[in-house]
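Written out below as structure tokens is the structure these notes cover.
The values are calculated or read from the model by the stated rules, or taken from the named source; none is laboratory data. Everything quoted here is computed from the prediction, not taken from an experiment. Ideal geometry is used to build each Cβ from the backbone, glycine not excepted, and the neighbour counts take in all protein chains shown. Surface areas here come from the heavy atoms of the whole protein model, side chains and all, with no ligands, DNA or RNA. Shrake-Rupley method; radii C 1.70, N 1.55, O 1.52, S 1.80 Å.
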Amino acid sequence: MQDLTPMRISKSIYEELVEHARAEAPNECCGLIGGENGEPKSVYRARNAEASPLRYNLDPQDQFRIMSEMEERGEELSAIYHSHTASPAYPSQTDINLAAYPDAIYLILSLAEDEAPLRGFEIKDSEVTEVDLAVER
Ligand SMILES: [Zn+2]
């Protein structure tokens, strides 16, 4: 369910996402964001097991390691992020088909546009719903 308050993405989180996306370009980057009390706090980079410019798949070992690390720090999973290097910040058909977590927020950062937009979505039963983000930059 969408909360009424937008998810706040701090300047440092946004910058880390842009940095990761640029480092992996032209391939898509991906990772997880841990948070506390609904507020995103930490960016955890994961390997894109597909190493592809068109799709991503969080490396399962990375995902396991990151989830344990979050738990140790008392964080919850805030969001799953990935980049689009040549398309808009909107879920691709592949993203929709492979979305495995109906309660997660999927963040997509696009490098295809100069201002590197970041948008958030829920993907439930192949249905995409945008969630409000307050991105500080
Ligand atoms: Zn995608």
>> If residue 130 satisfies all but one of (1) within 16 Å of the ligand (Cβ to nearest atom); (2) surrounded by 12 or more Cβ atoms within 10 Å (Cβ to Cβ); (3) of a type in the set (Asp, Glu); (4) touching a residue at least 12 places away in the same chain (Cβ under 8 Å), what's the number of the condition it fails?
In response: (4)
> Which one of these does residue 60 not meet: (1) more than 21 Å from residue 7 (Cβ to Cβ); (2) within 10 Å of the ligand (Cβ to nearest atom)?
Replying inline: (2)
>> So residue 64 passes all but one of these: (1) touching a residue at least 12 places away in the same chain (Cβ under 8 Å); (2) at negative phi; (3) open to solvent by 50 Å² or more (accessible area, probe 1.4 Å). Which condition number does it fail?
In response: (1)
> Checking residue 47 against (1) open to solvent by 50 Å² or more (accessible area, probe 1.4 Å); (2) of a type outside the set (Ser, Thr, Tyr); (3) more than 17 Å from residue 130 (Cβ to Cβ); (4) in contact (Cβ under 8 Å) with a residue 24 or more places away in the chain, which single condition isn't satisfied?
Replying inline: (4)
> Quick check, is residue 28 assigned to a loop (DSSP other than H, G, I, E, B) and either β-branched (Val, Ile, Thr) or crowded, with 17+ Cβ neighbours inside 10 Å (or both)?
Replying inline: yes
> For the stretch 68-121, how many residues meet the condition of being part of a strand (DSSP E or B), within 12 Å of the ligand (Cβ to nearest atom) and open to solvent by less than 30 Å² (accessible area, probe 1.4 Å)?
Replying inline: 11
